[in-house]
1. Quick one: would you say Asp24 is touching a Ser or Thr at 6+ places or on another chain (Cβ under 9 Å) and at pLDDT 95 or above?
2. Looking at region 192-210, which of its residues are without any contact (Cβ under 8 Å) to a residue 12 or more places away in the chain, touching a Lys or Arg at 6+ places or on another chain (Cβ under 7 Å) and not aromatic (Phe, Trp, Tyr)?
3. For region 208-222, name all the residues that are in a helix (DSSP H, G or I) and modelled with pLDDT of 95 or more.
4. Failed condition for Asn66, given (1) touching a residue at least 60 places away in the same chain (Cβ under 8 Å); (2) of a type in the set (S, T, N, Q); (3) more than 24 Å from Cys33 (Cβ to Cβ), with all others met?
5. Among the residues in region 228-240, are any outside the structural domain of Gln67 (by TED's automatic domain parsing), over 30 Å from Glu55 (Cα atoms), out of contact with any Ser or Thr (no Cβ under 6 Å at 6 or more places or on another chain) and assigned to a helix (DSSP H, G or I)?
6. So for region 80-91 (the condition being touching a Phe, Trp or Tyr at 6+ places or on another chain (Cβ under 9 Å), of a type in the set (Phe, Trp, Tyr), closer than 23 Å to Pro143 by Cβ and in a loop (DSSP other than H, G, I, E, B)), does at least one residue qualify?
7. Can you name the condition, by its number, that Phe194 falls short on among (1) assigned to a helix (DSSP H, G or I); (2) crowded, with 16+ Cβ neighbours inside 10 Å; (3) aromatic (Phe, Trp, Tyr)?
8. Since Gln26 meets every condition but one in (1) in contact with a Phe, Trp or Tyr (Cβ under 8 Å, 6 or more places away or on another chain); (2) in a helix (DSSP H, G or I), which condition does it not meet?
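The values are calculated or read from the model by the stated rules, or taken from the named source; none is laboratory data. Quantities reported herein were computed from a predicted structural model and do not represent experimental measurements. A quick note on method: Cβ atoms are made from the backbone with ideal geometry, for glycine too, and the neighbour counts reach across all protein chains shown.
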Amino acid sequence: MNQVIETILQHRSIRRFEDQPLTDEQIRTIVECAQAASTSSYVQAYSIIGVKDPEKKRKLAELAGNQSYVEHNGHFFVFCADFHRHELIGELEGKDVLPSLESTEKFMVALIDTALAAQNAAIAAESMGLGICYIGGLRNNLPEVCALLNVPKRVIPLFGLAVGYPAQTPDQKPRLPFEHVYHEDEYDQDRARFIAQLQRYNETVSTYYEQRTNGRRRDTWTGQMADMLSRQVRMYMKEFVEGKGFNLR
C-alpha cells in the first residue's frame, strides 16, 4: 500500500482545528491540486472562493447552521459550480451558448467538475498533514451566501471545505460493505441479499456508536437515513438553481 492510498483510507472529518492559519503557499498548492482534477471536455466549470475575512467566516458559520468550525479553521474554501466565465466566452467568441449552459446536462457537468476538484483539494490537504471537513450547510441559505460572497448569476456555491491543523483525532465512521457498493457486470437487485447486507451494516454502525458514546447511542444507519430523508429540507433549491440560470432545459 502506497502513501497516497494510506492517506485516502485514513480520512475522517475534523471539526476542531488549531488556531493556525494556512500559509499562502499551502493555499496555492491545495487550489492547484484541485485544478489538476479531471474535468469534462476541458470545461472547468467551477471556481473556488477562499475566505479569510473573520467577519465573513463568522457570518458563513451562522448561515451554515452555527457550525463553529466554519469560522475557526486554518482556511475556508467555498467550491462553486461556475458558468459565468462560459457566458462571457460566448460573448467573446460570438456564439449562442446559453441553451447549452442552461441544460440539465451542463448542470451535471458543473456539479461533477466541482466535486472532482474539491476531492483533489481534500486529499492534497490531508497529504500535507491537515484536516478537512466538507460543509454542505451553506446550502441552507444560498441567497445570503451569494450576497455575502458577491456571487454573480450562473455561479452556485455548492459546499464549503474547512481546512486546518487538526485539534482532534475522531474515530472513523464505518462505511458500507464493499459488496453492497460494488456491483460487477450489472446492478445486483437481489432484494433479500440487499436487506441482509443493510442489517449487518446496521449492527456495525450500532456497535460503533455504542463504543464511542459508552452505550448512550445505538443508532442504526438505516434509521438515521430514514429519519433524515423523511424531513423535507432546502426545498427552495429548484427555484434557486433555475434563478441562477442552471437546469432550465
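1. The answer is no for Asp24.
2. Glu210
3. The answer is Trp221, Thr222.
4. (1)
5. Scanning region 228-240 turns up at least one residue that is outside the structural domain of Gln67 (by TED's automatic domain parsing), over 30 Å from Glu55 (Cα atoms), out of contact with any Ser or Thr (no Cβ under 6 Å at 6 or more places or on another chain) and assigned to a helix (DSSP H, G or I).
6. Taking every residue of region 80-91 in turn, at least one turns out to be touching a Phe, Trp or Tyr at 6+ places or on another chain (Cβ under 9 Å), of a type in the set (Phe, Trp, Tyr), closer than 23 Å to Pro143 by Cβ and in a loop (DSSP other than H, G, I, E, B).
7. (2)
8. It fails just one condition, (1).
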